[in-house]
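The values are calculated or read from the model by the stated rules, or taken from the named source; none is laboratory data. Note that the structure is predicted; figures quoted are calculated from it, not measured. Every residue, glycine among them, receives a Cβ derived from its backbone with ideal geometry; neighbour counts consider all protein chains shown. Just the protein is used for accessible areas: all its heavy atoms, side chains included, with ligands, DNA and RNA removed. Shrake-Rupley method; radii C 1.70, N 1.55, O 1.52, S 1.80 Å.
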Amino acid sequence: MLDKARAVFWNLGYAATSLDDLATATGLNRPSLYAAFGDKHALYMAALDRSRTEATTALGAALATEAPLRAVLQTIFDRTVDIYRRGEEGQRGCFLVGTAVTQAVDDPQARALLAAFISETDGLFRARFERDAASLAPGVTPAGAAPMASGTFHTLAVRARTGAREADLKAIAHAAVTMICGA
């Protein structure tokens with residue numbers, strides 16, 4: 001049920017999603033939605049939190065592999081491009097980046113969750129970069145490379161959402177890997 005609600009929020013954004021949209025997608029009537037989640041905002045926050053948990057868990061597992069750093073990063077970004085290009089109604093990008101960024105302006109809970117996601121992502125990358133500091137390009141530090149890697153996720157999400165071609169997204173990913181690991 002939460003995944004169905006998330007799909008509606010992902011396609012329409014929080015503000016444009018109505019309770020009727022959510023009821024139709026989940027098969028629940030309004031009273032059942034309220035009973036299960038409390039209100040639309042609580043349902044949205046639950047969907048955001050699930051996405052944050054899924055994304056950071058997957059990233060952590062991918063970064064924990066013993067493959068060389070360059071190969072790990074390229075695989076992560078290539079898979080990210082594939083995921084961000086999916087969607088029933090077109091390329092959706094990242095649920096967190098695509099919807100929480102606009103919601104965060106006047107929603108402290110969404111802002112805090114998004115900030116936590118970015119911080120966690122930076123931390124996961126930084127830990128791997130510290131472990132493989134010798135694999136970083138000359139002059140690149142783990143502290144500097146971590147937000148660059150996270151930032152690559154964000155730009156891939158935005159560009160995918162605007163319809164960027166797979167080849168263009170993968171070229172951006174490759175450029176980021178080259179900047180982090182060297183030529």
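So the values come out like this:
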| read-out | value |
| --- | --- |
| Test result for ALA71, over 20 Å from PRO147 (Cβ atoms) and buried (at least 20 other Cβ atoms within 10 Å of the Cβ) | no |
| Unique residue being modelled with pLDDT of 95 or more, closer than 23 Å to LEU43 by Cβ and assigned to a helix (DSSP H, G or I) when the list is ILE180, ILE118 | ILE118 |
| Condition check for ALA47: surrounded by fewer than 20 Cβ atoms within 10 Å (Cβ to Cβ) and farther than 17 Å from LEU156 by Cα | no |
| Selection count, the stretch 83-108, where residues are under 17 Å from the mean Cα position of the chain (by Cα) and touching a residue at least 24 places away in the same chain (Cβ under 8 Å) | 16 |
| Any pair with Cβ under 9 angstrom, 6 or more apart, that starts in the stretch 6-23 at a residue that is under 14 Å from GLY90 (Cβ atoms) and ends at one that is surrounded by fewer than 18 Cβ atoms within 10 Å (Cβ to Cβ) and of a type in the set (S, T, N, Q) | LEU12/SER18; GLY13/THR102 |
| Residue list for the stretch 24-44, restricted to those being surrounded by fewer than 16 Cβ atoms within 10 Å (Cβ to Cβ) and in contact (Cβ under 8 Å) with a residue 60 or more places away in the chain | HIS41 |
| Out of PHE153, PHE129, PHE125, sole residue that is modelled with pLDDT under 95 and assigned to a helix (DSSP H, G or I) | PHE153 |
| Residue match in the stretch 57-67 (condition: over 28 Å from ALA167 (Cβ atoms), touching a residue at least 60 places away in the same chain (Cβ under 8 Å) and either open to solvent by less than 40 Å² (accessible area, probe 1.4 Å) or under 14 Å from the mean Cα position of the chain (by Cα) (or both)) | yes |
| Matching residues in the stretch 85-105 - criterion: being open to solvent by 20 Å² or more (accessible area, probe 1.4 Å), within 12 Å of TRP10 (Cβ to Cβ), assigned to a loop (DSSP other than H, G, I, E, B) and touching a helix residue (DSSP H, G or I) at 6+ places or on another chain (Cβ under 6 Å) | GLU89, GLN91, ARG92 |
| Hits in the stretch 127-158 - residues which are open to solvent by 60 Å² or more (accessible area, probe 1.4 Å), of a type outside the set (A, V, I, L, M, F, W, C) and farther than 15 Å from ALA62 by Cβ | GLU130, PRO138, GLY139, THR141, PRO147 |
